[in-house]
Every structure is written in C-alpha cells, then in structure tokens.
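Here the structure comes first, spelled out in structure tokens, and everything after it is commentary.
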Number of protein chains: 2
Amino acid sequence: MKEYVVAILGATGAVGQRLIKELAQANIPIKQVKLLASKKSVGKKLKFKNQEIIVEQAQPDSFTGVDIVLSSAGGAISKKLLPEAVKRGAVCLDNTSAFRMAENVPLVIPGVNDQQLAYHQGIIANPNCSTIQMVAALYPLHRRWGIKQVVVSTYQAVSGAGKKAWDEMLGQAQARLDNQQMAAAILPTPAAKKHYPLAFNLLPQIDIFEADGYTHEEWKMIHETKKILFNDQDSNQIKVTATCVRVPVEIGHGEAVYFILQDKQVTVKEIQAEIEKTAGLILQDDFKKQLYPQPLQIAGKRETFVGRVRADQENLGAFHMWVVADNLLRGAATNTVEIAECLVRKNLVRVPNI
Amino acid sequence: MKEYVVAILGATGAVGQRLIKELAQANIPIKQVKLLASKKSVGKKLKFKNQEIIVEQAQPDSFTGVDIVLSSAGGAISKKLLPEAVKRGAVCLDNTSAFRMAENVPLVIPGVNDQQLAYHQGIIANPNCSTIQMVAALYPLHRRWGIKQVVVSTYQAVSGAGKKAWDEMLGQAQARLDNQQMAAAILPTPAAKKHYPLAFNLLPQIDIFEADGYTHEEWKMIHETKKILFNDQDSNQIKVTATCVRVPVEIGHGEAVYFILQDKQVTVKEIQAEIEKTAGLILQDDFKKQLYPQPLQIAGKRETFVGRVRADQENLGAFHMWVVADNLLRGAATNTVEIAECLVRKNLVRVPNI
C-alpha cells in the first residue's frame, strides 16, 4: 500500500493546529509529516500522534518529495508557494481564497461535489468556512427539490479571523469587564484602515469591501456557492445573496438561511427528514425541547448542525433554517482532510502532465 | 398651561430608569412624577431631574390623580394594573406585549402612525424593540415606493431580556475568561424550562415558542409590523418573516433587513437619500470609510442607524440594509416618551367615555 508524505503549510495557526489533529485521525497511510511555517516559527516542536516534529521554514524546496500539501498560511503565501509545490509534484489542498475561483481549480466539499476532484491539475481549493456549512446543509435539499434562491445572514465567530484576532477579542472582553477602554488593532481585518472592537459588539464587515459595497466574504458566499452547486454553464440558475456579520463568539459560525425551493409542495417534515438522513449533517430541531444548534455546544465537532426549520407562512416553498458548524473544523481542517482522503481513495494523488 | 402627573410603572428596571431620564428631557409640562414598582423596591430613592423621589408600591389606587402612566413592569403586571389606571382616568403607554394586538389599542411609532393615537381608549402600546427600529427604517421607503416583502434576521442585545439577564451574561463572560464553567439560570428567557449561556454564544430563541415553531419574538416582528404599517383591511399586503437571535452584546440590536419594493426602478442612492432626510434616522453608510452602524458606537443614542444599503444583484427591486438602534432607548423608553409628547401636543391626554 502506498504511503504518503504530507506537508502542512501554516502549521502553527489556528487552522494549522487542527489540520495536524485531523490528519492524525484520517484514513490516509502516512510515511512522513512535514510542518512548515514562516521564519519566526522555525524550531518550534509540535506533536503529530506521539511524535514530535520540528517546524521548518516554508520555501519552494520544502516541497521536494512531498505528495500532499495541506495549506492554511494566508492567500499571499499560497499564491507564492503552491505553484512551486505543484512543480515539484505535490498535490495542494488550499484553505485560502487564492485559487478558489480559478477555472482549473476544483472547489470541493466531499459528499457534495467530490466528483470534480477527477479534473484537478495540482491545486484543489477548500471553500470558505461560511460557504461550506451552508452548502452542506442546502445540498441534499437542492438535489431533491431544486433551490431557486438563498438569502443568508451570517453570525461568524472571531476564530475565522485567526488566532491574533481571537486573542484581541478576549482581551477586549476582559477590558470591558474591568471597566477599561477596549483596544482594537486587528479586527475587522488586518488589511483594513480602521479597526473596531468586537467584544460585546457586532461588525458588519468581514474581509475587505468590493467596489459594489458587498464585502469580500459576502462575495465569496455568493460565487463559491454557485461554483460548487452547478457546473459552469448553468451556475446562474441559483440566486444567492448574503450579509456577513462578525459576532463576539470564539468558535462556531451561525447562519440564518432563508431559501426558496423550486418544488412548492415540500413540507418542513420532509426537509427535516432529508437533513437527518444525510451523512455529515445533524438535525437539532425540536422547539418543544428547546433543541437548536448553538456555537458553544458544537465547538470541537466535525458535523454541520441544522435546526429551526420553518416554513415562511406567506410564501409557499420558502423556508428558514439555522445552521451552525465549527468553522475551524467543518469550515476548514476537517473539509481539507476529507478532500485528501477522497484523493487517496480515488487514487488521484498525482499532478497530471498538462 | 396644563401640567401633568406622570407615573412610571416599573421604575427600577433597565427601561424604567431610562424612562425617568427621557421624561426629564421631554417636551411635557410636569406637575408631579410618581415612581411605582413592586414591593421589594419600595422606599428606594431615584432622581428625577434634581429631585429625589421615593419609590412607591404599585397598586390600583396608586393611579388616582395620575394623567399619564409610562409602563414597563412586565406583561402580567400591565394586564392587572393598567385597566385599573384607565378606570381612574389615566392614559397608559405600555411597553409590554400585553395589549399590543388588542383591537382598540393603537400600536404607535411617532412619525410613522401617530395619527392612530386619536382613536385611543386609554391604553396605547409601544411596539417591541426589534419591531420599532425595523419599521422606523422601512417606513419612509414604504411610503414612497411600497414594500412587498421583508425577510429579517436579528442580532439582539441581552439588555432586551432585562437587567438580570444582562448581569448573568456579564458573569458568564468573566467565568469563561477565568476558565470557569458558565452558569445559566435566566436566558434565553426566565419562562423557559432550559437555560443556556449567552456569553460567546448565540441563542436562536428569544421569548417562548409558538405552536408553529416560530418564537414569540418572531411572531411579534411579523404581526406588529403589519398592524403598524397598514390599517386592518389590507394588513396582509406586506409579507414579513423573521429569525430572531440573541447575541452577546449589551446594548443595541442589529438587524439584517432584506426587503423587496413594489417599484423595481429604485436605486441604492435613492434609498440612502430617503433615509438621510427622514427625522430620527441616521445614515451611516460609506464602505470606503468603513462606516456602518455598530452597537458599541450607538448605545445611549436615540436615533435609528442605517447602513450597508445594497441591491440584491440578481433580483431587481430587492435590497439589504443593516439597522442598529439602542433597544432600551429607541426600542423602548424614547419611543414611549415620544408617544406621550404626541398625546400632549395633540391634546389627547384623556380617557374617552365609551
């Protein structure tokens, strides 16, 4: 049986550390794990299973002999290093937005569109965290009844903005509880000119703004959903629009998803049953028992949790659902490692000659 | 000039304390202020302007000689005491949901539908906090272009659940920062069987559940909006649906409002201009300057703040906006005192003989 050399790029970050843990439990025969990061983390020791591994500096030659790269070190680093890794024969699974919309890069949620892995040319993209959990919940409904339109409002946890933003938010919370001023230097995004506190606040800006006033996060939810759910020629058949808001939660994005089905006869019970029988989805929906997904309860879990399925009482075929998932696992590390498992199972861990 | 005796019922609560402050600045000639509360607050001293007032126990005879009652002591107390106050000649402005949907009770947002005050029979209801700020922002657009449909997702502050819930959430936050277990005995609502922590969490339950799986808060947003924006015979022309979520914010509800206009030719700029020129609304909408409403920035202010006005790029006539207001002021005390000012100005401070 073939064994694989796997490199984790950005190994010391919030997602990187989860990639190490998820890889340790994956159904992938491992020959060697390499941990790569920026200069300042070189020499750090991290555990993979019971083995201590020393973090090395990420550079083009780090990828010589590597079969699979799991990458989560930021878009700029992906853009620079992943083509170098592909040149050296490594298949790269990228967690950043660097290559997601590129024509030759499959954007994959296993169980939804992993058949597209067959066409990869060395780089495969992991969708954005907020996209993954929404599409995971919508897909079984789409497959059976067709989705016409989606209007989503997100409630996104700070860990999606990285470890520094997370620490900043906790520091702000302590400052407020001590009746001190809250400082802000990172959120809403390091790339922004102005920074605002997130603790006990709401920031309706995730990532930078596009020219049309949508944020890049909103843009990602709209266009990634279309790319995942449809092949190119009919990607405009499903209408998607979004408002993305950062909330003072550590782990676990919430999403209020309003969707309109093509089939107008579907009932809430049928939707609940479809979700319940789909692998990777967990229905938490019993209002009589106050059962509904909450970030605090699902942090550390791999599934996507769905509750509060309700019919819009004035529009036949329109429904609400409330979707929550661990953004670092389901929205990032778990999805990436599941793609790697798929590649191994389908014997697709090779860069094709093009 | 007539001077009025004003009683504040529930004077020691989060809204009650703001009613005292708002009344002190109101355009209402005051003869006397009475502060009423439950037995356990009797004897407390609170300041109205520079005057110390001793809190008295609220009971039917407390209202003898009172002209105006500003009530915020919970639905059960309103149901019991306000009819007694009306019998004694007092006009009651109620902040609870006790009478909002009653046929002979005007449900009023000054500037939107204060003409309905003319038909009051002693009790006038203040809409729910989340309804007030949404309808305040939608009304100028509705008047000019007609609103067909609204889909709203709320991000509601803990102070809307009262002072005890607010304290509970702050205690939970400190527990988490000290790596202690968070305790929960009040939220999502004292009436619920199960309680969950709100700090660093999201609770998609506000108030109790209705039989159809909507929460009572969602029900209020839907039905109060219809009652305010239309008179009875065409109250079903505007479609409204809602998802209400409690978030770990102290003061200031956020609302992601998606709305569809009857007029399909309207532009974002026209909507922004209409909001900008409406009294009581403040447009904070310039993405190039990262200007958008945030709870931390608007707490303590009386206006309704609107930003992130955007067109749905695939549905002509459909738009998003992000609405934030201080739920204790705009959503409660300020609206109530503005109704009192309207009544005084229109010479309607009298219980009609029916």
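Identify, from the list B:Ser78, B:Ser62, B:Ser71, the residue that is closer than 19 Å to B:Leu348 by Cβ, in contact with a strand residue (DSSP E or B) (Cβ under 6 Å, 6 or more places away or on another chain) and of a type in the set (S, T, N, Q).
Details: B:Ser78 fails: closer than 19 Å to B:Leu348 by Cβ; B:Ser62 fails: closer than 19 Å to B:Leu348 by Cβ.
When all the criteria are applied, what remains is B:Ser71.
For B:Val249, are the conditions met, namely being farther than 25 Å from B:Ala98 by Cα, buried (at least 17 other Cβ atoms within 10 Å of the Cβ) and facing chain A (nearest Cβ under 8 Å)? Break it down stepwise before answering.
On the way: farther than 25 Å from B:Ala98 by Cα: yes; buried (at least 17 other Cβ atoms within 10 Å of the Cβ): yes; facing chain A (nearest Cβ under 8 Å): yes.
In short, yes.
If we keep just the residues of segment B:196-217 that are closer than 19 Å to B:Met101 by Cα and out of contact with any helix residue (DSSP H, G or I) (no Cβ under 9 Å at 6 or more places or on another chain), which is surrounded by the most Cβ atoms within 10 Å (Cβ to Cβ)?
Here the residue is B:His216.
If you go through segment A:212-244, how many residues are modelled with pLDDT of 95 or more and small (Gly, Ala, Ser)?
Here the count works out to 2.
Going residue by residue through segment B:220-236, is there one that turns out to be within 27 Å of B:Thr96 (Cβ to Cβ), part of a loop (DSSP other than H, G, I, E, B) and either within 9 Å of chain A (Cβ to nearest Cβ) or acidic (Asp, Glu) (or both)?
So far as segment B:220-236 goes, yes, one or more of its residues are within 27 Å of B:Thr96 (Cβ to Cβ), part of a loop (DSSP other than H, G, I, E, B) and either within 9 Å of chain A (Cβ to nearest Cβ) or acidic (Asp, Glu) (or both).
Which of the residues belonging to segment A:126-158 are within 11 Å of another protein chain (Cβ to nearest Cβ), touching a Phe, Trp or Tyr at 6+ places or on another chain (Cβ under 9 Å) and crowded, with 22+ Cβ neighbours inside 10 Å?
Correct list: A:Val150, A:Val151, A:Val152, A:Ser153, A:Tyr155, A:Ala157, A:Val158.
Can we say A:Gly300 is crowded, with 21+ Cβ neighbours inside 10 Å and at pLDDT 95 or above? Before you say what the answer is, go through the steps one by one.
Numbers: crowded, with 21+ Cβ neighbours inside 10 Å: no; at pLDDT 95 or above: yes.
No: the conditions fail for A:Gly300.
Give me the residue from segment A:178-195 that is within 24 Å of the chain's Cα centre (by Cα) and facing chain B (nearest Cβ under 8 Å) and, out of that set, surrounded by the fewest Cβ atoms within 10 Å (Cβ to Cβ).
Here the residue is A:Ala192.
Among the residues in segment A:303-318, are any closer than 23 Å to A:Ile124 by Cβ and either open to solvent by 10 Å² or more (accessible area, probe 1.4 Å) or of a type in the set (S, T, N, Q) (or both)?
yes
Kindly indicate which of B:Ser62, B:Ser153, B:Ser78, B:Ser130 is farther than 30 Å from A:Arg310 by Cα, among the small types (Gly, Ala, Ser) and under 21 Å from the mean Cα position of the chain (by Cα).
Step by step, each of B:Ser62, B:Ser153, B:Ser78, B:Ser130 is checked, and only B:Ser78 is farther than 30 Å from A:Arg310 by Cα, among the small types (Gly, Ala, Ser) and under 21 Å from the mean Cα position of the chain (by Cα).
Given the options B:Gly213, B:Gly171, B:Gly160, name the one that is within 23 Å of B:Leu329 (Cβ to Cβ) and either part of a helix (DSSP H, G or I) or assigned by TED's automatic domain parsing to the domain that holds B:Phe305 (or both).
Exactly one of B:Gly213, B:Gly171, B:Gly160 is within 23 Å of B:Leu329 (Cβ to Cβ) and either part of a helix (DSSP H, G or I) or assigned by TED's automatic domain parsing to the domain that holds B:Phe305 (or both), namely B:Gly160.
Might you let me know whether segment B:323-340 holds any residue that is over 30 Å from B:Pro29 (Cβ atoms) and open to solvent by less than 60 Å² (accessible area, probe 1.4 Å)?
Yes, segment B:323-340 contains a residue that is over 30 Å from B:Pro29 (Cβ atoms) and open to solvent by less than 60 Å² (accessible area, probe 1.4 Å).
Tell me yes or no: at least one residue of segment A:261-269 is buried (at least 21 other Cβ atoms within 10 Å of the Cβ) and either β-branched (Val, Ile, Thr) or under 21 Å from the mean Cα position of the chain (by Cα) (or both).
no
From the list B:Val306, B:Val351, B:Val337, which one is more than 30 Å from B:Ala85 (Cα to Cα) and touching a residue at least 40 places away in the same chain (Cβ under 8 Å)?
One residue alone meets the criteria, B:Val306.
What are the pairs with Cβ atoms under 9 angstrom where one residue, in segment B:266-290, is away from chain A (no Cβ under 14 Å) and the other, located anywhere, is small (Gly, Ala, Ser) and in a loop (DSSP other than H, G, I, E, B)? Sequence gap at least six, or different chains.
Pairs that qualify, where the first residue is away from chain A (no Cβ under 14 Å) and the partner is small (Gly, Ala, Ser) and in a loop (DSSP other than H, G, I, E, B), are B:Val266/B:Gly317; B:Thr278/B:Gly111; B:Ala279/B:Gly111; B:Gly280/B:Gly111.
The values are calculated or read from the model by the stated rules, or taken from the named source; none is laboratory data. The shown structure was predicted, so the numbers you read here are calculated from the model rather than taken from an experiment. Here Cβ is always computed from backbone atoms with ideal geometry, including for glycine, and neighbour counts include all displayed protein chains. Just so you know, the surface numbers come from the protein's heavy atoms only, side chains and all, with ligands and any DNA or RNA stripped out. Shrake-Rupley method; radii C 1.70, N 1.55, O 1.52, S 1.80 Å.
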